[in-house]
Each structure stands twice: as C-alpha cells, then as structure tokens.
Amino acid sequence: MLTLSTLEFLQELAENNNREWFTEHRKRYDAAKKEMEALVKDLIKGIGEFENLPNTEPKDCLFRINRDIRFSKNKAPYKEWLSAAVGPGGRHSGRIDFYVHIQPGESFLGAGMWNPTPKQLAKFRQEIDFNPEALKSIIEAPEFKAYFPEAWGESLQRMPKGYPENHPDIALLKRKQLFFMHKYTDAEVTSPNFAKEIVNGCRLIKPYCDFLNYLFFEEEEESFEL
C-alpha cells in the first residue's frame, strides 16, 4: 500500500524540483517507487480478473519520473507525481487503458478518449451519429455516473462538418476529447483498500474502454482480415 511518506516525498519534490535536492533524497524516491510498484502489482492481479494482461509487469506500466524538457518552457527536471498505465503490455500498449495518477491532493483514476487521431475522431463521430445508444448506455448508466460524474476534455465551439446543428447528440459530436476520472483523497490513497477501490473503478469504466478500443482498433483489424 501507499503510505503518507510517499505523499510527503512528492509534496516536498514539488517544492524543491531540482537535481540537487532529488539526488540528496534519492532513497526516499526509491522507497516511494517501490510502494508504487507494489500497488501496480496488486492492480494487475485485480484487473487481470476481467482484462487480459498477458506477461504484464509493474515495470511495463510505470512512467518515469523524469520529465522530457527538450521542448518545454518548464525546465523542472521531475514530474511531481507517480503514475502508471495498466493495460495489455503496459504503458506502450497503444490502446485505451487505465491511467493511475498519484499526487498529493490530486490523485485519480482516469480513462477514455484524450488525444485521438483525426481518423479515430471521425470514427467516434460516425458511431455517435449512427448508434449513439451504444455509448450512452455505458456513460449514462447510474453506477457509471455515480463514480465518474463529469466528462473531461475539449469540445468544438461549432458543430463538426457534415452534421446538422439540430442533431440530438450535438454535445457528444462536438467532443474532441471524452475522458473520465475519479478523484481520490489522500486518506483514500493511503488506505489499505486503495488497490481494491481502483480495481472497482476500472471494472466500471472497462465497457467504455472496450467501446473505444473496438471502434479504434478491432474494427480496422476486422476490415483488413476481410
């Protein structure tokens, strides 16, 4: 489980984001990383009961704490959080997976459409126009909305080309991103049941991930096979 020490380390890192401080406190980072690895191991085990995760290890899922500052105005060398993407093969699966973000006061589980390609976005809108209930039955289900009450991401100001202004699902068609997250308090993060809570959230959002993965990947594979 994650402890208060890990959150304290991340909070202090945010206040001292430089290589000298990090080097001096390297052992604290190593301890925090070890706790995160243990959490992800539990998540792989729990999620593996309803998601196929062949040969997926914590090291495959964890993101590096070092930031890529080559093209960024922010030259702080480290991320101020720990994170992991749990899916088949880990963070490089290329598919829609479960994202876990640990940061004092800002921890969350998230999943969904964040940076789709133009082709993927076109497929999404085509599906909404043709069969909106397939998605709405998932994201408007009471249990889903109770855990993921708000959709995040950008929307167009105007209706996308090819669709009428009076379309009944105009809000969904305008979506450029459709991401859902559930936030956790620091007390929840350090609870012994935190891994089980995340697994429960992943189980709830899996149908939405499956919807997107089929739309973006399986459909294309099936067409190729035909």
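Dipole magnitude of the chain about its Cα centre, charges +1 at Lys/Arg Cβ and -1 at Asp/Glu Cβ only, in debye to the nearest 20?
820 debye
Once the piece of chain linking E15 and E49 is laid out straight, how much longer is it, given 0.36 nm per residue of separation minus the C-alpha distance between them?
Net length gain for the segment: 8.3 nm.
Which one, F124, T190, L62, projects farthest toward the positive side of the charge dipole computed for the chain from Cβ point charges (K/R +1, D/E -1)?
Of the listed residues, the answer is L62.
Per residue, how big is the convex hull around the C-alpha atoms of segment 177-220? Give it to me in cubic angstrom, could you?
Residue-normalised Cα hull volume stands at 74 Å³.
Would you mind working out the accessible area per residue for segment 25-100, using a 1.4 Å probe, and quoting it in Å²?
Each residue of segment 25-100 exposes 58 Å² on average to a 1.4 Å probe.
Just to be sure I follow: if Rg is taken over the C-alpha atoms of the chain and Rh is the Kirkwood radius over the same atoms, what is Rg/Rh?
Details: Rg = 19.3 Å, Rh = 19.2 Å.
Looking at the chain, the ratio lands at 1.01.
Can you tell me the equivalent ellipsoid semi-axes for segment 110-226? Use √(5λ) from the Cα gyration tensor, largest first, whole Å.
29, 18, 12
With a cap of 16 neighbouring Cβ atoms within 10 Å, and only residues DSSP puts in a loop, list the trypsin sites (Lys or Arg not before Pro) found in segment 112-215.
R158, K161, K176
Before anything else, pin down the relative contact order of segment 1-152: Cα pairs under 8 Å, at least 6 apart, normalised by residue count, whole percent.
Relative contact order comes out at 18 percent.
Carbon and sulfur: what percent of segment 14-91's accessible surface (1.4 Å probe)?
Solvent-exposed carbon and sulfur of segment 14-91 make up 48 percent of the total.
Counting Lys and Arg as +1 and Asp and Glu as -1, what is the net charge of the other residues whose Cβ lies under 14 Å from the Cβ of D129? Walk me through the numbers before you get to the answer.
Numbers: positive: K123, R125, K136, K161, K174, R175; negative: E127, E133, E165, D169.
Around D129, the charge tally is +2.
How far apart, in nanometres, would the label points at N131 and D68 be if each is projected 7 angstrom from Cα along the Cα-to-Cβ direction?
Computed distance between label sites N131 and D68 equals 3.5 nm.
Just to confirm a number: summing +1 for Lys and Arg and -1 for Asp and Glu over residues other than H92 whose beta-carbon lies under 13 angstrom from that of H92, what do you get?
+1
Quick one: which of K27/K183; K136/K176; K123/K145; K34/K59; K123/K174 span more than 19 angstrom between C-alpha atoms?
Where the Cα-Cα span goes over 19 Å, the pairs concerned are K27/K183; K123/K145.
Within the chain, which is the longest segment that contains none of the GluC sites (Glu not before Pro) sitting in a DSSP loop with at most 13 other Cβ atoms within 10 Å? Before the final figure, lay out the partial values.
Working: sites that count: E49, E106, E140, E150, E154, E165.
That would be 166-226.
So how far apart, in nm, are the two label points at M159 and E57 if each is 7 Å from Cα heading toward Cβ?
The answer from the label model is 5.3 nm.
Roughly how big is segment 70-153's charge dipole about its Cα centre, with Cβ charges of +1 (Lys, Arg) and -1 (Asp, Glu), in debye to the nearest 20?
With only Lys, Arg, Asp and Glu charged at Cβ, the dipole is about 600 debye.
The values are calculated or read from the model by the stated rules, or taken from the named source; none is laboratory data. A quick note: this is a predicted structure, and the numbers were derived from the prediction, not measured. In this analysis, Cβ positions are derived from the backbone assuming ideal geometry, glycine residues included, and neighbour counts consider all displayed protein chains. Quick note on the areas: whole protein, heavy atoms, side chains included, nothing else; ligands and nucleic acids left out. Shrake-Rupley method; radii C 1.70, N 1.55, O 1.52, S 1.80 Å.
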